Each structure stands twice: as structure tokens, then as C-alpha cells.
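The values are calculated or read from the model by the stated rules, or taken from the named source; none is laboratory data. Just so we're clear, the structure is a prediction, and the values are computed from it rather than from any experiment. Heads up, the Cβs are rebuilt from the backbone with ideal geometry, glycines too, and the neighbour counts pull from every protein chain shown.
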């Protein structure tokens, strides 16, 4: 009989492996201090810098920190993290008006901490029953607020509008195109001002750029329904297969909303899928005074909606809502023997992983649920109304001053305008307004950026934040006016 040498005993487990829980407790005073500090610096104070002027030396130091290396004291790493995050635009600054997701509140990141600490598997009820039930019920409530049918509607939480738009295109493809080569001739229609993320996601799904047709915008900065009708007729004559219309509820530049109900009528007549990119504008459905502005959302087949835009959540919290939840399952409900066995087989009630491109996923719904539960729907509605009212106030104050032209009236918390002194040429006016924006940011007065509207360069203010006050606007408008007058002297 052949003898075998005795197996070597496993190496001893280093003390550092089992010491992690004890170490975190020893660091707890530092962590508590960090939480207090974060509460004080989020949001930044009015006089805090809007951005950090980073030097090449700063970038070199950050690159050095990015490589893990030997262990460092917790306090050291916290200091490094603070320094790294300092190199950013403070989009939650009270006077930052540039991006749409500028209104995150502290409750949101507290909810994120809970979500991360419990680290529940949000893919299926077998592994995360409680959070999955919350996600399902919260989506039903949100769908009802949009006007989607209670019996059939559903959805799933995703990382944001890009993924929601990608998934909606995939579902529309499967519902409206057959498997006999129609995908190569399929056409998606969206306005010339629609967010570029939609076309980007179509490309990611294999649709060529020539299959994404841009529709002219009307003078009201909405998708032109007549141009769409003409394109549909012309494309069908050429043997193309129209299958999807993408409407926008809240354009990034102007806040305008496409005529969703008219587009829904066309979609029904032409057997097309109607998707609404409501990444920011869909939140107005929770408004008390302005929900009528987005009343057509209930006519859509699918809606993309970002909580991290106008529901004051931190990044990474979006939703895709659909008229018929089974359509999501039809596209994404792919199963394996292992998953079916662990979840008890294919059930009538779909799991979140049946409705999404993701399998392992965080329980995103819990972060939004936490905030909504603390604030209540009435208060959230007032917070949304407040942003719309602030944009109206900005417009009223600008109209009361000479030399200012409103390019697009305030809509859904956004107003665009330009300084138009005397006899300047259009070229000089473009340069003046671009320079006004650069000066406001450079002088740390306001994060107001330039935008091109109707062929001219103007300025855009997005007011969807709870941190802006009437007193802030009273101080800001004279500063903008003074800056504009100073800039225009050089032209």
C-alpha cells in the first residue's frame, strides 16, 4: 500500500484577519467625529468655494494616494479622503445652479449609510425579503402618482436615467420588433434637444446612429408633432420600421415638456412604444401646485425617473416604471438552474433580478424610502414646488432690470436668459454672456453656466434646491447685473 504523507496543517490565521471588528470599535470616536463634520459641511456654507483650483502637484499627490500601499492610520486616510473630495465642483452649494441633481439633502446620505451597513442583497426576495417588498410597494406608489394603471404597472430601481433608458429601449425592441431582421431597420424617434444619453444607450444595444432619428423642436422648445408624423410616413415608405418614440419630461436646458398625450395618441395609432425620459421632470408628479404640468405621464409605456435629480437623493438612485411589468420580465427574466433552485423555482411573482439588467444589486429603494418616510409626501411636494417658485422669482427680478432678455420662461425650476446691452452684435453678445458665466464662477459668486438656446448663447439657472432663499436671490441678481455691466465694457 502506498503511503501518503500527512497533510500539512493549515497556516495560522493572522491576528489582523480576526481583529477587524475590534479595530473598527477602537476607531469609533474618529468615525463619530467624521459624521459630525459631514453634517456641518454638507451643504457648504454660502461663502464656501464653488470649485477647487487644482494644480498639477495636487493631481500628482492624489495619484500617489490612489495606490493602496502599506496600512495607514484611519485618521490619516480620512484626511486624505477629505483632501481628495475637496477637488470637485460643489453641486450642493446653495448658489450652484448648473446641474440638475443639485439638491441632495443630508437625510439621503444617512439612508445610504443604512443601505450600505446592512448590505442586503436587493436582487431577490430569497436573500432580501424586506427590502424587496419595500421596493415593490414603493414602485407601485410612484407608478400610481404618475397615473400608470395600478393593476399592471411596475418597475425596478436602477442606478439612474442612463440605465433606465437603455432598459426601456431593450423592452421596446422586444415588444415591437420581430426576430426576422426588423431590428436592423428599426427606428427610434426623439427630439433634436433630447438628452444624449438616449442615443448613447441605443448605440450600446446595437442600434446604429442612423436608426435614431431626430425630430425638430417647435418654437416652444417641444418635440414638433407634425414633423414626427411626416418622418413616420417617409420612413415607412423607405421600408424602415418605426418602433419607439422617446419623449422628454423636463429638458435639461429649458425645463420644457414634450406634448406627451399627443405623442401617446400617435404611438397608439402607429403601434409604437412611447417612452418618457422623465429623469428630472417626473418628480413634478409629486408636486402639490404643479402636477398638472406632467399630467400626460400616465399615458406612457415606460418612464425613466431619477430620485437623485429632484427627489433630493444622492447619486445612484433611479427608477424605470412601466405600464406592464410583465414586459420587463419578458426581456430580462433569464434563469439558471442555480438561481431557480435557490429562489424556489420560477414563481408567478417576479424577483427584481427578473426585471433588471442587474443580478447582484444594492437595495436602492431603501435609501429613497428612508427619506420619504421621514419627510412625508406632503413635505416632498412642497420642496418640489419651492424650486419652481424660485425660478419664477429669478425671472421676475431679471425682467425688472434693463438689459436683460428672457430666452425661455421659467419652467420646472429652470429659466434661461441673456444680457443684451445696447448695440452689440450677436457674436459679441455670445462672447459677453460666455464671459459673464466664467466670471461668476471664477469670482465664486454663483455656479451659473452658459447655454445655447435658439442659436444664441445665454445663461441658465436651475433652482431645484431647498437651500436657495428669496434673500439669496435679492443679493444674487444685483451681483449678476454688476458682473454683466463690467464684462460688457470690454466689448
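The residues on offer are 155, 147, 179, and the sole one that is crowded, with 24+ Cβ neighbours inside 10 Å and either in contact (Cβ under 8 Å) with a residue 24 or more places away in the chain or over 18 Å from residue 274 (Cβ atoms) (or both) is 155. Do we have residue 446 as over 27 Å from the mean Cα position of the chain (by Cα) and crowded, with 18+ Cβ neighbours inside 10 Å here? Judged against the criteria, residue 446 is not a match.
Flag: residue 140 matches the condition of being surrounded by 15 or more Cβ atoms within 10 Å (Cβ to Cβ), modelled with pLDDT of 95 or more and out of contact with any helix residue (DSSP H, G or I) (no Cβ under 8 Å at 6 or more places or on another chain).
Only residues that are in a helix (DSSP H, G or I) and closer than 17 Å to residue 171 by Cα: list them for the range 198-224, please. Hits for the range 198-224 are 198, 199, 200, 201, 202, 203, 204, 211. Taking the range 268-291 as the search range and keeping residues that are surrounded by fewer than 21 Cβ atoms within 10 Å (Cβ to Cβ) and modelled with pLDDT of 95 or more, which one is nearest to residue 409 (Cα to Cα)? Residue satisfying both the conditions and the ranking: 290.
If you filter the range 35-73 down to residues that are in contact with a helix residue (DSSP H, G or I) (Cβ under 7 Å, 6 or more places away or on another chain) and more than 20 Å from residue 93 (Cα to Cα), you find that the one that is surrounded by the most Cβ atoms within 10 Å (Cβ to Cβ) is 65.
The set of residues in the range 247-276 being touching a helix residue (DSSP H, G or I) at 6+ places or on another chain (Cβ under 7 Å), in a loop (DSSP other than H, G, I, E, B) and within 24 Å of residue 448 (Cβ to Cβ) consists of 250 alone.
Is there any pair with a first residue in the range 56-80 that is under 18 Å from residue 26 (Cβ atoms) and a second that is modelled with pLDDT of 95 or more and in a helix (DSSP H, G or I) whose Cβ atoms are under 9 Å apart and which are 6 or more apart or on different chains, and what are they? Every condition considered, the pairs that remain are 72/80; 77/65.
State the number of residues belonging to the range 225-243 that are in contact (Cβ under 8 Å) with a residue 60 or more places away in the chain and in a helix (DSSP H, G or I). Explain how you work it out, then say what you get.
Filtering the range 225-243 for residues in contact (Cβ under 8 Å) with a residue 60 or more places away in the chain gives 241, 243.
Keeping just the survivors that are in a helix (DSSP H, G or I) gives none.
Counting residues in the range 225-243 that are in contact (Cβ under 8 Å) with a residue 60 or more places away in the chain and in a helix (DSSP H, G or I) gives 0.
Residue under question is residue 25, and the condition is that it be under 31 Å from the mean Cα position of the chain (by Cα) and without any contact (Cβ under 8 Å) to a residue 40 or more places away in the chain; does it hold? So residue 25 does not fit the description; no.
Here is a check on your reading of the model: is residue 246 on the phi < 0 side of the Ramachandran plot, in contact (Cβ under 8 Å) with a residue 24 or more places away in the chain and more than 21 Å from the chain's Cα centre (by Cα)? First the steps, then the outcome.
Details: on the phi < 0 side of the Ramachandran plot: yes; in contact (Cβ under 8 Å) with a residue 24 or more places away in the chain: yes; more than 21 Å from the chain's Cα centre (by Cα): no.
Considered against the rule, which asks whether it is on the phi < 0 side of the Ramachandran plot, in contact (Cβ under 8 Å) with a residue 24 or more places away in the chain and more than 21 Å from the chain's Cα centre (by Cα), residue 246 comes out as no.
One residue stands out in the range 175-192 among those that are in a loop (DSSP other than H, G, I, E, B) and at pLDDT 95 or above: the one that is nearest to residue 241 (Cα to Cα), namely 177. Annotation note: of 126, 104, the sole residue that is loosely packed, with under 15 Cβ neighbours inside 10 Å and either in contact with a helix residue (DSSP H, G or I) (Cβ under 6 Å, 6 or more places away or on another chain) or touching a residue at least 12 places away in the same chain (Cβ under 8 Å) (or both) is 126.
Looking at the range 250-257, can you tell me whether even one residue there is surrounded by fewer than 24 Cβ atoms within 10 Å (Cβ to Cβ) and farther than 20 Å from residue 310 by Cα? No: the range 250-257 contains no residue that is surrounded by fewer than 24 Cβ atoms within 10 Å (Cβ to Cβ) and farther than 20 Å from residue 310 by Cα. When the range 424-450 is filtered for residues that are touching a residue at least 60 places away in the same chain (Cβ under 8 Å) and in a helix (DSSP H, G or I), the ones remaining, listed by number, are 428, 431, 441. Being over 28 Å from the mean Cα position of the chain (by Cα) and on the phi > 0 side of the Ramachandran plot: is that true of residue 413 here? Spelling it out, it is not the case that residue 413 is over 28 Å from the mean Cα position of the chain (by Cα) and on the phi > 0 side of the Ramachandran plot. Being farther than 23 Å from residue 374 by Cα, surrounded by fewer than 16 Cβ atoms within 10 Å (Cβ to Cβ) and free of Cβ contacts under 8 Å to residues at least 24 places away in the same chain is a condition met by no residue of the range 111-119.
Does residue 473 meet the test of being more than 26 Å from residue 45 (Cα to Cα) and either buried (at least 19 other Cβ atoms within 10 Å of the Cβ) or touching a helix residue (DSSP H, G or I) at 6+ places or on another chain (Cβ under 9 Å) (or both)? Give the steps one after another, and end with the answer.
Values: more than 26 Å from residue 45 (Cα to Cα): no; either buried (at least 19 other Cβ atoms within 10 Å of the Cβ) or touching a helix residue (DSSP H, G or I) at 6+ places or on another chain (Cβ under 9 Å) (or both): yes.
No, not satisfied.
Conditions tested, residue by residue: (1) touching a strand residue (DSSP E or B) at 6+ places or on another chain (Cβ under 6 Å); (2) part of a helix (DSSP H, G or I); (3) in the same structural domain as residue 292 (by TED's automatic domain parsing).
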site: 393; (1), (2), (3): no, yes, no
site: 396; (1), (2), (3): no, yes, no
site: 401; (1), (2), (3): no, no, no
site: 422; (1), (2), (3): no, no, no
site: 452; (1), (2), (3): no, no, no
site: 460; (1), (2), (3): yes, no, no
site: 473; (1), (2), (3): no, yes, no
